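Here is the structure we will look at, set down as structure tokens.
The values are calculated or read from the model by the stated rules, or taken from the named source; none is laboratory data. Being a predicted model, the structure only gives us computed values, none of them experimental. Neighbour counts are summed over all protein chains in view; Cβ atoms, including those assigned to glycine, are modelled from backbone coordinates with ideal geometry. All accessible areas refer to the heavy atoms of the entire protein, side chains included, with ligands and DNA or RNA removed. Shrake-Rupley method; radii C 1.70, N 1.55, O 1.52, S 1.80 Å.
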Amino acid sequence: MKLIVGLGNPGPSYANTRHNAGFLVIDALAQHHQIAVNKIKHKGLEGNGHIGEEKVVLLKPQTYMNLSGGSVREAMDFYKLTPADLMVIYDDISLPVGAVRIREKGSDGGHNGMKDIIRHLGTEDFVRIRMGVGAKPAGWNLADYVLSAFPPQEREEVSHGIMVAGQAVEDILTIGLQKAMNRANLSVKAAREKTSQMDEKGK
């Protein structure tokens, strides 16, 4: 069994914000694999099902981003899982909008949701899938930026990122972490090239 966690903030006012990229990916996975994520358990919304041959739990913590770790810890304890059974999907301002990067382990990178999960688990050794939401523009407050909605002109990139992140989850479960990382890295390169092309057109 694998626990797949998407990070975000609950409530309609946060639904399409950059900080809710993890929720958006979980919603897409749930729809694609017909998993109802509607049970209120472990301080979150949860659904149980299968992706391929693997039994999975999809979890969207409802604690608000900065307290995500309590929900993850409860779910892991209940299902008797280890960090090796965990995948966390979240937003990353260091990647272009729609780019996806997989890491086997690492620091929180300044992300408060990840920081709380690492604090509760006592380890950084778990798989994370980062979906790019773009760098903070000059003059913006970081909190305001990550809580802002994706504008219409980024809709295509966001949809692409959700699809690639969902595919990354499936790849990890079916073809293994290293091959999944290689495939996702190609998507990062494509997203960077597209961003560069758009920047050139804007000059």
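Comparing TYR79, TYR90, TYR145 in a Gaussian network model of the chain where C-alpha atoms under 10 Å apart are linked, the largest mean-square fluctuation is found at TYR79. Across all directions, the average flat footprint of the convex hull enclosing the Cα atoms of region 42-92 is 4.0 nm². Taking the DSSP bridge list for the chain and keeping only pairs wholly inside it, about 55 percent are antiparallel. In this structure, every pair taken from LYS2/LYS60; LYS60/LYS115; LYS2/LYS41 has an alpha-carbon distance of 18 Å or less.
Distance from the Cα centroid of region 85-131 to that of region 9-81 is 15 Å (rounded to whole angstrom). Volume of the convex hull of region 1-89 (Cα atoms only), normalised per residue: 84 Å³. Based on protein heavy atoms only, the chain ends up with 49 Å² per residue of surface accessible to a 1.4 Å probe. The fraction of accessible area contributed by carbon and sulfur in region 1-157 is 51 percent, rounded to a whole number (1.4 Å probe; ligands and nucleic acids excluded). Taking the longest Cα principal axis of the chain as reference, the axis of helix 155-174 is set at about 40 degrees. Summing Lys and Arg as +1 and Asp and Glu as -1 over all other residues whose Cβ lies under 11 Å from the Cβ of HIS33 gives a net charge of -2.
By a 1.4 Å probe calculation restricted to protein chains, LYS136 has an accessible surface near 80 Å², given to the nearest 10.
When all alpha carbon pairs of region 128-167 are counted in 10 Å bins from zero, the resulting P(r) reads 26, 49, 24, 1 %.
Largest GNM mean-square fluctuation across ILE89, ILE175, ILE118, computed for the chain with C-alpha springs under 10 Å, falls on ILE175. If you take the beta carbon distance between GLU124 and GLN34 as r and set R0 to 35 Å, what does 1/(1 + (r/R0)^6) give as a FRET efficiency, to the nearest 0.05? Efficiency at R0 = 35 Å is approximately 0.60.
Taking the 0 to 90 degree range and rounding to the nearest ten, how far is the long axis of helix 112-121 tilted relative to the main principal axis of the chain, both from C-alpha atoms? Between the helix axis and the principal axis of the chain, the angle is about 30 degrees. For the chain, set up a GNM with springs between Cα atoms under 10 Å and report which of GLN34, GLN62, GLN153 has the largest fluctuation. Greatest mean-square fluctuation among the candidates belongs to GLN153.
Relative to the longest principal axis of the Cα atoms of the chain, the long axis of helix 177-202 lies at roughly 30 degrees.
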